[in-house]
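The values are calculated or read from the model by the stated rules, or taken from the named source; none is laboratory data. Remember, predicted model here, so these are calculated numbers, not experimental data. So basically every Cβ, Gly included, is an ideal-geometry build from the backbone, and we count neighbours across all protein chains shown.
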Amino acid sequence: MTQPVFRFAPSPNGRLHLGHAYSALLNAELAKRVRGRFLLRIEDIDLTRCRPELEAGIYEDLAWLGLAWEEPVRRQSEHFGEYRAAVERLKARELVYPCFCSRKEIATAVAARAAAAGAAPPRDPDGAPLYPGTCRLLAPAEVGRRLAAGESHAWRLDVAKAARAVTPPLGYARFAPDGSEAFVAARPERWGDAIVARKEIPTSYHLAVVLDDALQGVTHVVRGQDLEAATDLHVVLQNLFDLPTPRYHHHALIRDEAGGKLSKILFSEPLADLRARGVTAEEVRKRLGFG
Ligand code: GLU
């Protein structure tokens, strides 16, 4: 059997807080239990929001928690060429199309349709207006003209076409920390035609995470429940690129407790601030159940 590989993949667009600490500690703990490897990956594709001092803060916070990870750390910003090449492959198979819409145009179009139908505007699992496929319906000549004019555009996955191109069953194994597993069927259509390459960035979170997990041989993805629905898209991309699907565990999100003697450690407070006011790493680990 190949050695299990776990990873913690934060984005350096803010300081780590207790939720991140839980995710990182759980990954490391589960890796240790099965003599697996523990990787750290820096997900810094958004160059406008990610900052070097926040990346330095990640290393500092994780080391303070007592974690050790393999070097070198993969930094997504150093691999834009690989993501671009993957988008080219999807283009060649006509599974993606350029989308010129702004966020505002999408919200307006979705609201207008919903009003006409007397229904609530459809939303994706993240709560954003569900893209109505506007640019999928553009005439090829118009697309060509707008691309040639250099109009800024994202690339969207034609999710219906993609669903026909994949091999069923589409889904993944969900595992629990006790080792039990269950198959989860994916419903990627609830995302609509998701973005695989953003206007200013040659990838999206979804594309980069899928390519990197495969490239790094990740076998077990442990992350927060807030990313559970995204997994439906991830399995589509894995299938399209003929990549293995890891096993997934989406843990409950850590929330502040009302009162109680542990409430002095707040979920929303950066680990750096906890540290500065004298909370120890041991207290944090205990508070999170890693005594
Ligand atoms: N970079 C993502 C985040 O910080 C996590 C990605 C993942 O674990 O798949 O929310």
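Do we find that ASP232 is outside any helix (DSSP H, G or I) and at pLDDT 95 or above in this structure?
no
Just checking, does the range 253-267 include any residue being assigned to a loop (DSSP other than H, G, I, E, B), in contact with an Asp or Glu (Cβ under 6 Å, 6 or more places away or on another chain) and under 18 Å from HIS20 (Cβ atoms)? Checked the range 253-267: at least one residue is assigned to a loop (DSSP other than H, G, I, E, B), in contact with an Asp or Glu (Cβ under 6 Å, 6 or more places away or on another chain) and under 18 Å from HIS20 (Cβ atoms). In the range 1-43, the qualifying residues are those that are closer than 18 Å to ILE201 by Cβ and in contact with a Lys or Arg (Cβ under 6 Å, 6 or more places away or on another chain), and the one that is nearest to the ligand (Cβ to nearest atom) is ALA9.
Within the range 120-130, the presence of a residue that is in a helix (DSSP H, G or I) and free of Cβ contacts under 8 Å to residues at least 60 places away in the same chain is excluded. For first residues located in the range 209-230 and under 21 Å from ALA194 (Cα atoms) and polar (S, T, N, Q), partners that are within 12 Å of the ligand (Cβ to nearest atom) and modelled with pLDDT of 95 or more and lie 6+ apart or on another chain with Cβ distances below 7 Å form the pairs GLN225/HIS250; GLN225/HIS251. Kindly establish whether VAL96 is over 20 Å from ARG275 (Cβ atoms), β-branched (Val, Ile, Thr), surrounded by 17 or more Cβ atoms within 10 Å (Cβ to Cβ) and in contact with an Asp or Glu (Cβ under 8 Å, 6 or more places away or on another chain). Answer is yes for this residue.
Any residue at all in the range 78-85 that is touching a strand residue (DSSP E or B) at 6+ places or on another chain (Cβ under 8 Å), at pLDDT 95 or above and surrounded by 15 or more Cβ atoms within 10 Å (Cβ to Cβ)? For the range 78-85, residues touching a strand residue (DSSP E or B) at 6+ places or on another chain (Cβ under 8 Å), at pLDDT 95 or above and surrounded by 15 or more Cβ atoms within 10 Å (Cβ to Cβ): present. Looking across the range 214-233 at every residue that is in contact with a helix residue (DSSP H, G or I) (Cβ under 8 Å, 6 or more places away or on another chain) and charged (D, E, K, R), the one that is farthest from the ligand (Cβ to nearest atom) is identified as ASP232.
Before we move on, is GLY57 part of a helix (DSSP H, G or I), within 14 Å of the ligand (Cβ to nearest atom) and at pLDDT below 95? When the stated conditions are applied, GLY57 does not pass them. Restricting attention to the range 133-177, the residues being assigned to a loop (DSSP other than H, G, I, E, B) and either loosely packed, with under 12 Cβ neighbours inside 10 Å or in contact with a Phe, Trp or Tyr (Cβ under 9 Å, 6 or more places away or on another chain) (or both) number 12.
For the range 1-56, which residues satisfy the criterion of being β-branched (Val, Ile, Thr) and closer than 20 Å to PHE290 by Cβ? Selection gives VAL34 alone.
Conditions tested, residue by residue: (1) more than 17 Å from the chain's Cα centre (by Cα); (2) closer than 19 Å to ARG287 by Cβ.
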{"residue": "PHE6", "(1), (2)": "no, no"}
{"residue": "ARG15", "(1), (2)": "yes, yes"}
{"residue": "LEU26", "(1), (2)": "yes, yes"}
{"residue": "ILE42", "(1), (2)": "no, no"}
{"residue": "CYS50", "(1), (2)": "no, no"}
{"residue": "GLU55", "(1), (2)": "yes, no"}
{"residue": "GLU60", "(1), (2)": "yes, no"}
{"residue": "TRP64", "(1), (2)": "yes, yes"}
{"residue": "GLN76", "(1), (2)": "no, no"}
